[in-house]
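Take this structure, written in C-alpha coordinates, and hold onto it; I'll ask about it next.
The values are calculated or read from the model by the stated rules, or taken from the named source; none is laboratory data. Please read all numbers here as calculations on a predicted model, not as lab measurements. Reconstructed Cβ throughout: ideal geometry from the backbone, glycine too, with neighbour counts over all protein chains shown. All accessible areas refer to the heavy atoms of the entire protein, side chains included, with ligands and DNA or RNA removed. Shrake-Rupley method; radii C 1.70, N 1.55, O 1.52, S 1.80 Å.
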Amino acid sequence: MRIFDPHIHMTSRTTDDYERMAAAGVRAVVEPAFWLGQPRTGVGSFTDYFDSLVGWEPFRAGQFGVRHHATVALNPKEANDPRCRPVLDVLPRYLEKDGVVAVGEIGYDSMTPEEDDAFAAQLALAVAHDLPALVHTPHRDKARGVERSLAVVAESGIEPGRVVLDHLNEVTVELVRDTGCWLGFSIYPDTKMSPPRMVELLKAYGTERVLVNSAADWGRSDPLLTRATGEAMLLAGFTDDDVDRVLWRNPVEFYGQSGRLDLRDVDAPAPTFAGNSILRGGS
Ligand SMILES: [Zn+2]
(Lines give C-alpha, C1' and ligand atoms only; values in the text may rest on other atoms or scores of the structure.)
Protein backbone atom coordinates (compact mmCIF):
# COMPACT_ATOMS: atom_id res chain seq x y z
CA MET A 1 0.00 0.00 0.00
CA ARG A 2 1.52 3.34 -1.02
CA ILE A 3 0.26 6.29 0.98
CA PHE A 4 0.37 10.05 0.46
CA ASP A 5 -0.84 11.87 3.61
CA PRO A 6 -2.20 15.14 2.21
CA HIS A 7 -2.47 16.90 5.59
CA ILE A 8 -0.11 16.20 8.47
CA HIS A 9 1.87 18.53 10.77
CA MET A 10 5.22 16.76 10.95
CA THR A 11 6.82 19.68 12.82
CA SER A 12 4.92 18.38 15.85
CA ARG A 13 5.87 14.72 15.36
CA THR A 14 8.95 12.72 16.34
CA THR A 15 11.40 10.71 14.29
CA ASP A 16 9.67 7.59 15.65
CA ASP A 17 6.60 8.69 13.72
CA TYR A 18 8.59 9.07 10.50
CA GLU A 19 9.97 5.55 10.97
CA ARG A 20 6.54 4.06 11.64
CA MET A 21 4.98 5.98 8.76
CA ALA A 22 7.65 4.85 6.30
CA ALA A 23 7.23 1.24 7.46
CA ALA A 24 3.44 1.55 6.98
CA GLY A 25 3.82 2.74 3.38
CA VAL A 26 3.69 6.53 3.76
CA ARG A 27 5.99 7.83 1.04
CA ALA A 28 4.86 11.41 0.67
CA VAL A 29 3.21 14.06 2.82
CA VAL A 30 1.93 17.61 2.62
CA GLU A 31 2.43 19.71 5.76
CA PRO A 32 0.11 22.71 5.93
CA ALA A 33 1.17 25.78 7.89
CA PHE A 34 -0.99 26.08 11.00
CA TRP A 35 -1.37 27.44 14.49
CA LEU A 36 1.34 26.19 16.84
CA GLY A 37 -0.59 26.35 20.12
CA GLN A 38 1.47 29.11 21.69
CA PRO A 39 0.41 32.37 20.02
CA ARG A 40 3.02 33.95 17.77
CA THR A 41 3.84 37.57 18.46
CA GLY A 42 5.21 38.77 15.16
CA VAL A 43 6.01 38.10 11.54
CA GLY A 44 9.51 36.80 12.28
CA SER A 45 8.22 33.70 13.99
CA PHE A 46 6.11 32.93 10.93
CA THR A 47 8.99 33.35 8.50
CA ASP A 48 11.23 31.09 10.60
CA TYR A 49 8.41 28.54 10.62
CA PHE A 50 7.82 28.79 6.86
CA ASP A 51 11.58 28.46 6.27
CA SER A 52 11.52 25.30 8.35
CA LEU A 53 8.56 23.93 6.34
CA VAL A 54 10.46 24.33 3.07
CA GLY A 55 13.95 23.60 4.41
CA TRP A 56 14.57 21.61 7.55
CA GLU A 57 11.43 19.46 7.59
CA PRO A 58 11.82 18.12 4.00
CA PHE A 59 15.43 17.33 4.89
CA ARG A 60 14.37 15.48 8.05
CA ALA A 61 11.60 13.60 6.20
CA GLY A 62 14.00 12.63 3.43
CA GLN A 63 16.14 10.70 5.88
CA PHE A 64 13.23 8.35 6.40
CA GLY A 65 12.41 8.05 2.72
CA VAL A 66 9.35 10.32 3.03
CA ARG A 67 8.88 13.06 0.43
CA HIS A 68 7.74 16.30 2.10
CA HIS A 69 5.86 19.27 0.63
CA ALA A 70 4.20 22.22 2.35
CA THR A 71 1.33 24.65 2.09
CA VAL A 72 1.80 28.17 3.40
CA ALA A 73 -0.71 30.68 4.80
CA LEU A 74 -1.81 32.82 7.71
CA ASN A 75 -4.02 30.32 9.57
CA PRO A 76 -7.62 31.26 10.47
CA LYS A 77 -7.06 31.48 14.23
CA GLU A 78 -4.12 33.88 14.02
CA ALA A 79 -5.84 35.94 11.34
CA ASN A 80 -7.58 37.56 14.33
CA ASP A 81 -4.33 38.79 15.88
CA PRO A 82 -3.18 42.19 14.57
CA ARG A 83 0.43 41.24 15.34
CA CYS A 84 0.17 38.39 12.81
CA ARG A 85 -1.74 39.95 9.94
CA PRO A 86 1.38 41.50 8.27
CA VAL A 87 2.26 37.88 7.40
CA LEU A 88 -0.05 38.36 4.43
CA ASP A 89 2.58 40.69 2.93
CA VAL A 90 5.38 38.11 3.05
CA LEU A 91 3.32 35.19 1.73
CA PRO A 92 3.92 35.93 -1.99
CA ARG A 93 7.62 35.29 -1.51
CA TYR A 94 6.92 31.83 -0.04
CA LEU A 95 4.25 30.96 -2.59
CA GLU A 96 6.98 31.00 -5.23
CA LYS A 97 9.05 28.30 -3.52
CA ASP A 98 9.48 24.86 -5.07
CA GLY A 99 8.24 22.81 -2.11
CA VAL A 100 5.04 24.86 -1.66
CA VAL A 101 2.13 23.09 -3.35
CA ALA A 102 -0.90 25.11 -2.15
CA VAL A 103 -2.12 28.06 -0.10
CA GLY A 104 -3.32 26.77 3.28
CA GLU A 105 -4.64 26.23 5.81
CA ILE A 106 -7.04 29.08 5.23
CA GLY A 107 -10.72 29.39 6.10
CA TYR A 108 -12.63 29.95 9.32
CA ASP A 109 -12.05 29.37 13.00
CA SER A 110 -14.59 31.65 14.74
CA MET A 111 -15.99 33.30 11.57
CA THR A 112 -14.96 36.84 12.45
CA PRO A 113 -14.71 39.76 9.98
CA GLU A 114 -10.89 39.52 10.29
CA GLU A 115 -11.08 35.90 9.19
CA ASP A 116 -13.31 36.92 6.27
CA ASP A 117 -10.65 39.35 5.07
CA ALA A 118 -7.72 36.97 5.46
CA PHE A 119 -9.62 34.14 3.77
CA ALA A 120 -10.58 36.21 0.73
CA ALA A 121 -7.11 37.78 0.45
CA GLN A 122 -5.45 34.37 0.49
CA LEU A 123 -7.81 32.86 -2.08
CA ALA A 124 -6.80 35.79 -4.28
CA LEU A 125 -3.16 34.86 -3.67
CA ALA A 126 -3.91 31.27 -4.71
CA VAL A 127 -5.39 32.55 -7.97
CA ALA A 128 -2.50 34.96 -8.55
CA HIS A 129 0.13 32.27 -7.92
CA ASP A 130 -1.79 29.58 -9.79
CA LEU A 131 -1.90 27.31 -6.74
CA PRO A 132 -4.59 25.08 -5.19
CA ALA A 133 -6.08 26.06 -1.81
CA LEU A 134 -6.53 23.99 1.35
CA VAL A 135 -9.54 25.20 3.33
CA HIS A 136 -9.87 24.24 6.98
CA THR A 137 -13.50 24.01 8.10
CA PRO A 138 -14.24 25.04 11.68
CA HIS A 139 -14.75 22.47 14.40
CA ARG A 140 -17.58 24.46 15.99
CA ASP A 141 -20.72 25.41 14.08
CA LYS A 142 -19.44 23.25 11.27
CA ALA A 143 -22.30 23.32 8.77
CA ARG A 144 -22.57 27.11 8.84
CA GLY A 145 -18.79 27.34 8.52
CA VAL A 146 -18.81 25.13 5.44
CA GLU A 147 -21.64 27.06 3.81
CA ARG A 148 -19.91 30.34 4.41
CA SER A 149 -16.57 28.93 3.18
CA LEU A 150 -18.19 27.75 -0.05
CA ALA A 151 -19.66 31.21 -0.60
CA VAL A 152 -16.26 32.86 -0.17
CA VAL A 153 -14.66 30.30 -2.50
CA ALA A 154 -17.32 30.94 -5.16
CA GLU A 155 -16.88 34.69 -4.85
CA SER A 156 -13.09 34.43 -5.24
CA GLY A 157 -13.31 33.05 -8.76
CA ILE A 158 -10.89 30.21 -8.01
CA GLU A 159 -11.70 27.07 -9.97
CA PRO A 160 -13.55 24.69 -7.54
CA GLY A 161 -11.41 21.74 -8.65
CA ARG A 162 -8.42 23.54 -7.16
CA VAL A 163 -9.96 23.76 -3.68
CA VAL A 164 -10.25 21.14 -0.95
CA LEU A 165 -12.59 21.62 1.99
CA ASP A 166 -11.04 19.66 4.80
CA HIS A 167 -12.25 18.07 8.06
CA LEU A 168 -15.63 17.18 6.56
CA ASN A 169 -18.06 14.74 8.19
CA GLU A 170 -21.32 12.97 7.38
CA VAL A 171 -23.28 16.22 7.58
CA THR A 172 -20.97 18.65 5.81
CA VAL A 173 -20.05 16.28 2.96
CA GLU A 174 -23.56 16.83 1.64
CA LEU A 175 -22.92 20.55 1.33
CA VAL A 176 -19.71 20.12 -0.67
CA ARG A 177 -20.25 17.05 -2.85
CA ASP A 178 -21.87 18.83 -5.79
CA THR A 179 -19.74 21.97 -5.78
CA GLY A 180 -16.78 20.60 -7.74
CA CYS A 181 -14.49 21.16 -4.74
CA TRP A 182 -12.48 18.27 -3.32
CA LEU A 183 -13.68 16.51 -0.17
CA GLY A 184 -11.11 16.25 2.64
CA PHE A 185 -11.54 13.94 5.64
CA SER A 186 -9.32 13.89 8.71
CA ILE A 187 -9.27 10.56 10.52
CA TYR A 188 -8.84 10.89 14.28
CA PRO A 189 -8.24 8.31 17.05
CA ASP A 190 -11.35 8.83 19.15
CA THR A 191 -13.35 11.83 18.05
CA LYS A 192 -14.78 12.95 14.74
CA MET A 193 -14.05 10.78 11.70
CA SER A 194 -12.86 7.17 12.24
CA PRO A 195 -11.75 4.54 9.65
CA PRO A 196 -15.11 2.66 9.78
CA ARG A 197 -17.07 5.91 9.35
CA MET A 198 -14.79 6.86 6.46
CA VAL A 199 -15.46 3.53 4.77
CA GLU A 200 -19.20 4.17 5.01
CA LEU A 201 -18.75 7.57 3.36
CA LEU A 202 -16.69 6.04 0.55
CA LYS A 203 -19.44 3.47 0.00
CA ALA A 204 -22.03 6.25 -0.17
CA TYR A 205 -20.14 8.83 -2.24
CA GLY A 206 -17.43 6.92 -4.10
CA THR A 207 -13.71 7.62 -4.29
CA GLU A 208 -13.67 10.54 -6.71
CA ARG A 209 -12.25 13.86 -5.40
CA VAL A 210 -11.82 12.36 -1.92
CA LEU A 211 -8.71 13.05 0.18
CA VAL A 212 -8.08 11.13 3.41
CA ASN A 213 -5.55 12.48 5.90
CA SER A 214 -4.45 11.98 9.50
CA ALA A 215 -4.16 15.73 10.25
CA ALA A 216 -1.76 14.58 12.97
CA ASP A 217 -0.44 17.47 15.07
CA TRP A 218 0.40 18.32 18.69
CA GLY A 219 -2.90 16.98 19.94
CA ARG A 220 -4.17 13.45 20.27
CA SER A 221 -3.81 12.11 16.75
CA ASP A 222 -2.27 9.18 14.88
CA PRO A 223 -0.20 9.40 11.68
CA LEU A 224 -0.99 5.76 10.85
CA LEU A 225 -4.74 6.26 10.49
CA THR A 226 -4.36 6.68 6.73
CA ARG A 227 -3.06 3.12 6.62
CA ALA A 228 -5.83 1.95 8.98
CA THR A 229 -8.39 3.47 6.62
CA GLY A 230 -6.87 1.64 3.64
CA GLU A 231 -7.07 -1.63 5.56
CA ALA A 232 -10.67 -0.96 6.59
CA MET A 233 -11.50 -0.29 2.91
CA LEU A 234 -10.03 -3.66 1.87
CA LEU A 235 -11.95 -5.48 4.61
CA ALA A 236 -15.14 -3.83 3.38
CA GLY A 237 -14.61 -5.11 -0.16
CA PHE A 238 -12.88 -2.16 -1.85
CA THR A 239 -10.07 -3.22 -4.23
CA ASP A 240 -6.36 -2.46 -4.02
CA ASP A 241 -6.93 -0.07 -6.90
CA ASP A 242 -9.63 1.80 -4.94
CA VAL A 243 -7.27 2.14 -1.99
CA ASP A 244 -4.45 3.33 -4.25
CA ARG A 245 -6.75 5.91 -5.76
CA VAL A 246 -7.84 7.35 -2.40
CA LEU A 247 -4.50 7.15 -0.60
CA TRP A 248 -2.14 7.93 -3.47
CA ARG A 249 -3.50 9.00 -6.85
CA ASN A 250 -6.10 11.47 -5.52
CA PRO A 251 -3.64 13.55 -3.46
CA VAL A 252 -1.14 13.39 -6.33
CA GLU A 253 -3.83 14.71 -8.67
CA PHE A 254 -4.97 17.46 -6.32
CA TYR A 255 -1.57 18.84 -5.31
CA GLY A 256 -0.14 18.03 -8.74
CA GLN A 257 -2.16 21.02 -9.95
CA SER A 258 0.58 23.17 -8.41
CA GLY A 259 3.06 21.80 -10.95
CA ARG A 260 5.47 21.39 -8.03
CA LEU A 261 4.98 17.89 -6.65
CA ASP A 262 8.31 16.14 -6.73
CA LEU A 263 7.76 12.40 -6.59
CA ARG A 264 10.82 11.39 -8.60
CA ASP A 265 12.45 8.26 -7.19
CA VAL A 266 9.80 8.06 -4.49
CA ASP A 267 9.88 4.29 -4.88
CA ALA A 268 13.59 4.13 -4.05
CA PRO A 269 14.47 2.51 -0.71
CA ALA A 270 14.86 4.84 2.25
CA PRO A 271 18.41 6.12 2.62
CA THR A 272 20.44 4.63 5.43
CA PHE A 273 22.35 6.93 7.71
CA ALA A 274 25.14 6.37 10.17
CA GLY A 275 24.63 6.33 13.92
CA ASN A 276 21.38 6.46 15.84
CA SER A 277 20.61 10.14 15.45
CA ILE A 278 19.20 12.25 12.67
CA LEU A 279 21.71 14.16 10.56
CA ARG A 280 22.03 17.74 11.70
CA GLY A 281 21.92 19.52 8.38
CA GLY A 282 25.15 21.44 7.93
CA SER A 283 26.51 21.27 11.48
ZN1 LIG B 1 -4.19 20.94 10.12
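Per-residue ellipticity at 222 nm for the chain, helices alone: DSSP H runs ≥ 4 residues times -39500 (n - 2.57), over residue total, nearest 500 deg cm²/dmol? Intermediate results must be reported in sequence, preceding the final value.
Values: 11 runs with 106 residues, N = 283.
The per-residue figure over the chain is -11000 deg cm²/dmol.
Quickly work out the GLU19-to-GLU253 label distance, labels modelled 7 Å from Cα along the C-beta direction, and quote it in nm with one decimal.
Result: 3.7 nm between the two label points.
Could I ask something else about it? Size of the dipole of region 78-139 about the Cα centre, Lys and Arg at +1 and Asp and Glu at -1 on the beta carbon, nothing else charged, in debye to 20? Write out the running numbers ahead of the final one.
Numbers: 4 positive and 12 negative charges, 33 e Å.
Its charge dipole is roughly 160 debye.
Moving on to the next point. Report the net charge of residues surrounding PRO195, where surrounding means a beta-carbon distance below 11 angstrom and charges are Lys +1, Arg +1, Asp -1, Glu -1.
Numbers: positive: ARG197, ARG227; negative: GLU200, ASP222, GLU231.
Around PRO195, the charge tally is -1.
About its Cα centre, how strong a charge dipole does the chain have in debye, to the nearest 20, once Lys and Arg get +1 and Asp and Glu get -1 at the Cβ?
Magnitude of the dipole: close to 380 debye.
Follow-up. Order THR71, THR15 by their accessible area, 1.4 angstrom probe, all chains in place, largest first. Could you put the intermediate results ahead of the total?
Working: THR71 0, THR15 50 Å².
The residues order as THR15, THR71, largest area first.
Next question, about the same structure. How much area per residue is accessible in the chain when the probe is 1.4 Å and only protein heavy atoms are counted (Å²)?
Numbers: 11810 Å² over 283 residues.
Value returned for the chain: 42 Å² of accessible area per residue.
For GLU114 and GLU208 in one chain, what is 0.36 nm times their gap in residues minus the Cα-Cα distance, to one decimal in nm?
Working: separation 94, 0.36 × 94 = 33.84 nm, distance 3.37 nm.
Stretched out fully, the GLU114 to GLU208 stretch lengthens by 30.5 nm.
Of the trypsin sites (Lys or Arg not before Pro) in region 1-104, which ones lie in a loop per DSSP and count no more than 14 other C-beta atoms within 10 Å? Walk me through the intermediate numbers first.
Values: sites: ARG2, ARG13, ARG20, ARG27, ARG40, ARG60, ARG67, LYS77, ARG83, ARG93, LYS97; in loops: ARG2, ARG13, ARG40, LYS77, ARG83, LYS97.
Qualifying residues, ordered by number: ARG83.
Okay, next question. Taking the chain as a Gaussian network, Cα atoms linked when under 10 Å apart, which of HIS69, HIS167, HIS139 shows the biggest mean-square fluctuation?
Largest GNM mean-square fluctuation: HIS139.
Let me ask you something else. From zero up to wherever the largest Cα-Cα distance of the chain sits, split into 5 Å bins and tell me the percent of pairs in each.
Per 5 Å bin, starting at 0, the Cα pair percentages come out as 1, 6, 13, 18, 20, 18, 13, 7, 3, 1, 0.
If each residue of separation counts as 0.36 nm, what is the full-extension length gain between ARG197 and ALA143 once their alpha-carbon separation is subtracted?
17.6 nm
Which whole-Hz couplings ³J(HN,Hα) result when phi for each residue of region 52-65 is put into the Karplus expression 6.51 cos²θ - 1.76 cosθ + 1.60, θ = phi - 60°, listed in order with x for Gly and Pro?
With coefficients 6.51, -1.76 and 1.60, one gets 5, 5, 9, x, 4, 5, x, 5, 4, 4, x, 6, 10, x Hz.
Related question: On the accessible surface of the chain, probed at 1.4 Å, how many percent belong to carbon and sulfur atoms? List each step's numbers first, then the result.
Values: 6040 of 11810 Å².
Taking all protein chains in place, the chain shows 51 percent carbon and sulfur surface.
Evaluate the distance, in nm, between pseudo-label points positioned 7 Å from the Cα of ASP89 and of SER45 along their respective Cα→Cβ axes.
2.0 nm
State the extension gain, in nm to one decimal, for the chain segment bounded by ASP240 and LEU263, taking 0.36 nm per residue of separation less the distance between their alpha-carbons. Please list the in-between numbers first.
On the way: separation 23, 0.36 × 23 = 8.28 nm, distance 2.07 nm.
That works out to 6.2 nm of additional length.
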